[in-house]
1. Order Lys132, Lys168, most accessible first, counting only protein heavy atoms with a 1.4 angstrom probe.
2. With a cut-off of at most 16 other beta carbons within 10 Å, and DSSP calling the residue loop, which GluC sites (Glu not before Pro) in region 84-178 qualify? Please list them.
3. Quick check for me: using +1 on Lys/Arg Cβ and -1 on Asp/Glu Cβ, what's the dipole size of region 87-178 about its Cα centre, in debye to the nearest 20?
4. Leaving ligands, DNA and RNA out of it, work out the accessible area of Ile175 with a 1.4 Å probe and give it in Å² to the nearest 10.
5. Using 7 Å Cα-to-Cβ label points, what is the Thr145/Ala104 separation (nm, one decimal)?
6. Between Tyr57 and Thr73, what is the label-to-label distance in nm when each label sits 7 Å out along the Cα-to-Cβ direction?
Amino acid sequence: FRRHHRLHDRDDTGAYEAAQGPLRDALTAVSAIECYEGSMRQVQDTIEIATRGQALYDFTGEVADLVAKAAMTTGLVYLFCRHTSCSLLIQENADPDVQRDLLAFFKRLVPDGDPLFVHTMEGPDDMPAHVKAALTQTTLSIPITRGAMALGTWQGIYLFEHRRAPHKRQVLVHIAGA
């Protein structure tokens, strides 16, 4: 088993292994980690998505770029959203009406400012955002086939922002395969 860490494409100084707590988290956010065990390889990176409020943000291209860079023929891409008020979706990318309809449905299902919610400290859209995230998903798994994600023709990968204000969201991308 051999482990290789890259920090901004420089040689690793051992700082990542020595780091603990928040420092290790910070190093993880700016590093790509590659592990080799026999022919099986793993790559990990983080994509940051700047949102402008409630909407679906397509980041399929960014994930596809990481898969291409990993140069694996077969495997699995695992995505993990590091937040509790947004979520991840695989959804149609051809007709923007699908995104508008999804937003309208979730706004009706869990309206901002609903008097049902006690947790209002962070604003009237915060607790509804948590509920929307709980009803959707914060992780996705996508197979890699012939060196590319095995998404359907009209499928795209979206971050579903449930808050009204802009945020910087992080999605951890873990790619494993050969």
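1. The ranking, largest first, comes out as Lys168, Lys132.
2. Here the GluC sites (Glu not before Pro) that fit, given the DSSP loop and packing criteria, are Glu122.
3. Using Cβ point charges on Lys, Arg, Asp and Glu, region 87-178 gives about 260 debye.
4. Its heavy atoms expose roughly 0 Å² to the probe.
5. For Thr145 paired with Ala104, the spin-label model returns 3.4 nm.
6. 3.6
The values are calculated or read from the model by the stated rules, or taken from the named source; none is laboratory data. Nothing here was measured: the structure is a model prediction, and the numbers come from that model. Here Cβ is always computed from backbone atoms with ideal geometry, including for glycine, and neighbour counts include all displayed protein chains. Only protein heavy atoms, including side chains, enter the accessible area calculation; ligands, DNA and RNA are left aside. Shrake-Rupley method; radii C 1.70, N 1.55, O 1.52, S 1.80 Å.
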